[in-house]
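The values are calculated or read from the model by the stated rules, or taken from the named source; none is laboratory data. What you see is a predicted model, and the numbers here were worked out from it, not measured in a lab. As a convention, Cβ positions derive from the backbone with ideal geometry for all residues, glycine included, and neighbour counts pool all protein chains shown.
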Amino acid sequence: MALDPLASLRWYNAGALAGLVSAVVSNPADVVITQISSGGEDTGRASLGSLDLWKGLGARCVYFAAAICAQFLIYDTVKELLGVSTGDLRLVLDVFGISAKAESLLG
């Protein structure tokens, strides 16, 4: 069974996009938590400006995009190597009683 390079590219792009979105969404909260834990509650809130919430976003985006992309690729590669198909996944969902709902979501 050969791996489809186009499918791998699709998973790579999906993983990178998911990583970027998660980095952008979670960065401000992590900056605030880091400031509060490093300097006390009052110091953390007073020293943060609106642009300070985005400090470190570039490095965070690279890290999260690479990490989640790798997770997507590993999942897809293992699924291909084991020969797991969409029908197999539907069978598992049917065992849990959520096959109809998953079918409506997946199309």
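Remarks
- Residue match in the range 33-44 (condition: more than 25 Å from Arg10 (Cα to Cα), outside any helix (DSSP H, G or I) and either modelled with pLDDT under 80 or among the polar types (S, T, N, Q) (or both)): yes
- All positions within the range 7-32 that are buried (at least 16 other Cβ atoms within 10 Å of the Cβ), within 13 Å of Gln71 (Cβ to Cβ) and either under 11 Å from the mean Cα position of the chain (by Cα) or of a type in the set (Lys, Arg) (or both): Gly15, Ala16, Ala18, Gly19, Ser22
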